[in-house]
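J.: A single structure is presented below for examination.
The values are calculated or read from the model by the stated rules, or taken from the named source; none is laboratory data. Everything quoted here is computed from the prediction, not taken from an experiment. Every residue, glycine among them, receives a Cβ derived from its backbone with ideal geometry; neighbour counts consider all protein chains shown.
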């Protein structure tokens, strides 16, 4: 059998660890279990990663690189409000549905009080939320949006999205509600956010 290259071995360890961490958490997963699941020695893991924390960080970094940028820059330049918010909504929904591992990892980290969840939030989530905040502030200055706190507005919209995907991930909420497509969720969430739930028509 051909010997696995260092890069492929590293990728294998990351992929196996990702599955175990997402099921058992950081504290509940040992390097011995990772080694057994990978078919290698525990010493081999430490040849590629100095510690379990370094391995955990590598998993999160890999996932961030894979998912890409959620807000389209050209939509910002065009001042296409629905597209700016819609692409962000679609990004969150589709990426979580394709691979919920990252969200599981972050939930475990937060519940375990692990520093990595804070590192992820402060370096990746805040960066993306602040990009949305800047856009909201711009559109408010231009008179397109009401004069509201842009940080709270951005948190309200992203909060809707993550509440939705969390319900799907933890409780399989589709068992209890009519199944909605991603297009339907995006369209309705964006419309609710921009128009509110009140009709412009007079009540009967």
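J.: Any residue that is assigned to a helix (DSSP H, G or I), at pLDDT below 90 and out of contact with any helix residue (DSSP H, G or I) (no Cβ under 9 Å at 6 or more places or on another chain) - is there at least one of those in region 179-193? Please lay out each step first, then the result.
T.: Kept after step one, since they are assigned to a helix (DSSP H, G or I), are these residues of region 179-193: 182-193.
Applying the additional criterion that residues be at pLDDT below 90 yields none.
No, because not a single residue in region 179-193 is assigned to a helix (DSSP H, G or I), at pLDDT below 90 and out of contact with any helix residue (DSSP H, G or I) (no Cβ under 9 Å at 6 or more places or on another chain).
J.: Looking at the structure I just gave you, is residue 116 exposed (fewer than 14 other Cβ atoms within 10 Å of the Cβ), closer than 24 Å to residue 169 by Cα, at pLDDT below 85 and over 11 Å from the mean Cα position of the chain (by Cα)?
T.: Values: exposed (fewer than 14 other Cβ atoms within 10 Å of the Cβ): no; closer than 24 Å to residue 169 by Cα: yes; at pLDDT below 85: yes; over 11 Å from the mean Cα position of the chain (by Cα): yes.
No, not satisfied.
J.: Name the pairs: first residue in region 172-188 and free of Cβ contacts under 8 Å to residues at least 40 places away in the same chain, second residue in a helix (DSSP H, G or I), Cβ to Cβ under 6 Å, at least 6 apart or on different chains?
T.: 173/167
J.: Out of all the residues in region 41-54, which are touching a helix residue (DSSP H, G or I) at 6+ places or on another chain (Cβ under 8 Å) and farther than 18 Å from residue 5 by Cα?
T.: Taking region 41-54 first, the residues touching a helix residue (DSSP H, G or I) at 6+ places or on another chain (Cβ under 8 Å) are 41-42, 44-46, 48-49, 52-53.
Once the filter is applied, which keeps residues that are touching a helix residue (DSSP H, G or I) at 6+ places or on another chain (Cβ under 8 Å) and farther than 18 Å from residue 5 by Cα, region 41-54 yields 52, 53.
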